[in-house]
Amino acid sequence: MSAEATNPASPGPVINTVPRRKARPRIDLRRLGRAALLGPTARDRLPDAIGHVAEAHRAHYPDADLEPLRRAWVLAESSHRGQMRKSGEPYITHPLAVTLILAELGAETTTLTASLLHDTVEDTEVTLDQVGEEFGAEVRYLVDGVTKLEKVDYGAAAEPETFRKMLVATGSDVRVMSIKLADRLHNMRTLGVMRPEKQARIAKVTRDVLIPLAERLGVQALKTELEDLVFAILHPEEYDHTRELIVDNSSRADDPLAEVTDEVRTVLRDAGIQAEVLIRPRHFVSVHRVARKRGRLRGADFGRLLVLVNEDADCYGVLGELHTCLKPVVSEFKDFIAVPKFNLYQSLHTAVAHTDGQVVEVLIRTHQMHKVAEAGVIALGNPYAPPSEEQQAANDGERADPTRPGWLSRLLDWQEGAPDPDTFWSTLREDLAQDREITVFRPDGGTLGLPDGATCVDAAYEQYGEDAHACIGARVNGRLATLSTVLKDGDTVQLLMGQDPASEPSREWLEHAHTPAARIAIQRWIAAHPGRADGAGAEAAEEAQSTRSAPPAPEDTPDTSTARPATPVVDQPGATVRLAGCCTPVPPDEVTGFSVRGGVVTVHRVECSAVAQMKGVGRAEVGVRWGDTTECRVTLVAESFGRPHLLADLTEAIALEGAEIVSATVEPPTQQRVRHTYTLQLPDAAHLLTLMRAMRNVPGVYDVSRAQHHNAPAF
């Protein structure tokens, strides 16, 4: 299989009917190989062999100093001279092609210099010290990192520990991984000279490890081509079928994408918005996925529209015009500008309906956003250079440190916390296999990027690390939720944290943890505390069992102590008044009364469910109002998350408000929730709201309400 045959993204009438960016001449490896054999050129001129690299580099950095590239080329060419690739080409053509890939993506000079030298220490007599003396510490570090990566055999039995050490050695600078990805892309392009079984092995490793890493670095240009190359090797029949679909579609006379493109250009021109509108063809794997999802493909399924503008505000201007002048498919709208993806990606996504009912997807972004969408961290330039004003304004969340994006920092934290290499490796593989598709919001305005299917447990460890052991619950979109609740894109999550520094996670959290941060932190705690109780929920259950008392008496049991302090006045002379136990009314509640057996009038809060029942059976109301009273008795229910010493803290809060506990019931924990029921004697009914507020302020308590028993009313 030739390199061109394995490269579905190579120029041709099928894929690049509309190029993604300005086309550049494909590097001629054989011509460059011949140039390499001619030896180094004079110091005062740039070698012809790296002319393509210089041209691509100057397109991104017009004022770049090319002298380091010239010197790196001279050293690399002389060091590799005489070495040949399995394809029969001079070996120097490989580092040269890798460097061109990075140059076109916008890599800065230091990365390109290291790329030209990335195989010298591994395959020639050049030493790291020589590289450092000639090109400086940064280039030395990058070459050393790539050399370590080259030694990693991803399919070997020792891969977990090897990969773990590699991450530690290279994790502080993502440029190492960028060079590795470009190196793998060129090797995949020329994989046809290998035996089929070796092609398959390399393709599987590329699929399982390197493509997900390219996704996390945001280097979509590398990721999509690698996906297509892997697709061609591992699924040749499906690849050929997809190629036929693309060829058939390109031969059709009617093209809804072209028609909508013309409409969009007209709309934006009339609105006075300067924009570049392009058709962005889907790559092979993307077409294959759409075909599996939708079945029969139509013309609009083979690509998307890309609208490029100059300013962020123009993106929203374009969106407004499209939604006003064309028929939008509102369900397709997503705003990744206000909420960027974890891998730096920013864009507005929407869709409009064509006249024949086909849906055309539209991407709207600035030119800078497009550059970052294609090249990810590579487009951020030299991570050690002082940031520009534009970069400083954009520095938030994942983008604050381009040398070590947030997910990579977490990756290094995971490997430090994993109890053994195998646990880290298996967890990493699971994480790389997941698509981080959802964004959830925090009440403070921050965001969390999580994989689809993540729960509140994952959100807790994503936000707090190992401090999430103290998490006692969550509110999702303002409503109380269990930690096992699966989150959806756009949810707002408030994590409720306990105050006890000795808080412990529950083993059952492992059943609901999907991210490495959560699983490794919980497993690490369990391994360090064998035989301990099951976190706060278990201790709360034990505490609850030890303090259980009898439940309150039913409503129809006379309660003389309740009748004594409260003095309702009823419009029924001689009647005995009793406060209903189902709703425990106290001043200044709005109340009503009903006559029951024995000439007794029971007094209920007007919102009590028993009131509706009595009215439903035709029972006449008796007018009731509060007389002069100070003391009252009330039943309160406290809903809380289980944690140690919760009952003691609640009791103390009640006592500090001057209330006397007549009886208390603590139910067994359910999903780490605990329900406390207290019958309390208050010296003054006016203090009830203050008491309830004090109970709610106890850590772990999320609600305090008046008791609402559901016993049948006594008639």
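At-a-glance table
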read-out	value
Residue selected from segment 499-527 under the condition assigned to a loop (DSSP other than H, G, I, E, B) and within 15 Å of GLY453 (Cβ to Cβ), by the criterion modelled with the highest pLDDT	ALA513
Elements of type strands (runs of 3 or more DSSP E) in segment 632-687, at least 3 residues being surrounded by fewer than 15 Cβ atoms within 10 Å (Cβ to Cβ)	660-666
Check on VAL285, in the same structural domain as LEU322 (by TED's automatic domain parsing), closer than 28 Å to PHE336 by Cα, in a helix (DSSP H, G or I) and aliphatic (A, V, I, L, M)	yes
Complete set of residues in segment 232-242 that are of a type in the set (D, E, K, R) and crowded, with 16+ Cβ neighbours inside 10 Å	GLU238
From the options LEU257, LEU229, LEU306, LEU245, residue that is surrounded by 15 or more Cβ atoms within 10 Å (Cβ to Cβ) and in a strand (DSSP E or B)	LEU306
Elements of type strands (runs of 3 or more DSSP E) contained in segment 444-498, each with 2 or more residues being under 15 Å from the mean Cα position of the chain (by Cα)	447-450
Residue identified as closer than 17 Å to PRO256 by Cα, touching a residue at least 12 places away in the same chain (Cβ under 8 Å) and surrounded by 16 or more Cβ atoms within 10 Å (Cβ to Cβ) among LEU344, LEU322, LEU348	LEU322
Whichever residue in segment 506-528 is of a type in the set (Lys, Arg) and within 23 Å of ALA481 (Cβ to Cβ) and, among such residues, is surrounded by the fewest Cβ atoms within 10 Å (Cβ to Cβ)	ARG507
Qualifying residue in segment 370-379 (condition: in contact with a strand residue (DSSP E or B) (Cβ under 8 Å, 6 or more places away or on another chain) and modelled with pLDDT of 90 or more)	yes
THR350 vs. criteria of a type outside the set (Phe, Trp, Tyr) and in a loop (DSSP other than H, G, I, E, B)	no
Pairs with Cβ under 8 Å, 6+ apart, first in segment 574-585 and under 13 Å from GLU607 (Cβ atoms), second hydrophobic (A, V, I, L, M, F, W, C) and part of a strand (DSSP E or B)	ALA580/VAL603; THR584/VAL634; PRO585/LEU579; PRO585/VAL591; PRO585/VAL603
Qualifying positions in segment 688-706 - within 40 Å of the chain's Cα centre (by Cα) and assigned to a helix (DSSP H, G or I)	MET692, ARG693, ALA694, MET695, ARG696
Any hit, segment 232-254, residues being under 22 Å from ALA373 (Cα atoms) and among the β-branched types (Val, Ile, Thr)	no
Members of segment 260-303 found to be among the hydroxyl-bearing types (Ser, Thr, Tyr), in contact with a helix residue (DSSP H, G or I) (Cβ under 9 Å, 6 or more places away or on another chain) and buried (at least 21 other Cβ atoms within 10 Å of the Cβ), listed by number	none
Evaluation of GLY132 against (1) in a helix (DSSP H, G or I); (2) at pLDDT below 90 (one fails), failing number	(2)
Any hit, segment 615-637, residues being under 30 Å from GLU504 (Cβ atoms) and under 48 Å from the mean Cα position of the chain (by Cα)	yes
Among (1) modelled with pLDDT of 85 or more; (2) not in a helix (DSSP H, G or I) - the single one ILE211 does not satisfy	(2)
Selected residue [part of a loop (DSSP other than H, G, I, E, B) and either surrounded by fewer than 21 Cβ atoms within 10 Å (Cβ to Cβ) or modelled with pLDDT under 85 (or both)] from VAL168, VAL126, VAL205	VAL126
Filtered residues of segment 93-123 (kept if of a type in the set (Asp, Glu) and buried (at least 20 other Cβ atoms within 10 Å of the Cβ))	GLU104, GLU108, ASP119
Complete set of residues in segment 309-319 that are buried (at least 18 other Cβ atoms within 10 Å of the Cβ) and hydrophobic (A, V, I, L, M, F, W, C)	VAL309, CYS315, VAL318, LEU319
Qualifying positions in segment 73-90 - out of contact with any Phe, Trp or Tyr (no Cβ under 7 Å at 6 or more places or on another chain) and either buried (at least 22 other Cβ atoms within 10 Å of the Cβ) or in a strand (DSSP E or B) (or both)	TRP73, ALA76, GLU77, PRO90
Of the criteria (1) under 29 Å from ALA232 (Cα atoms); (2) in a strand (DSSP E or B), which one ASN343 fails	(2)
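Residue by residue, here is whether (1) within 27 Å of GLY106 (Cβ to Cβ); (2) assigned by TED's automatic domain parsing to the domain that holds CYS325; (3) under 30 Å from the mean Cα position of the chain (by Cα) holds:
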{"position": "ALA214", "(1), (2), (3)": "yes, no, yes"}
{"position": "LEU222", "(1), (2), (3)": "yes, no, yes"}
{"position": "THR242", "(1), (2), (3)": "no, no, no"}
{"position": "THR261", "(1), (2), (3)": "yes, yes, no"}
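The values are calculated or read from the model by the stated rules, or taken from the named source; none is laboratory data. Since the model is a prediction, treat every value here as computed from it, not as a measurement. Ideal geometry is used to build each Cβ from the backbone, glycine not excepted, and the neighbour counts take in all protein chains shown.
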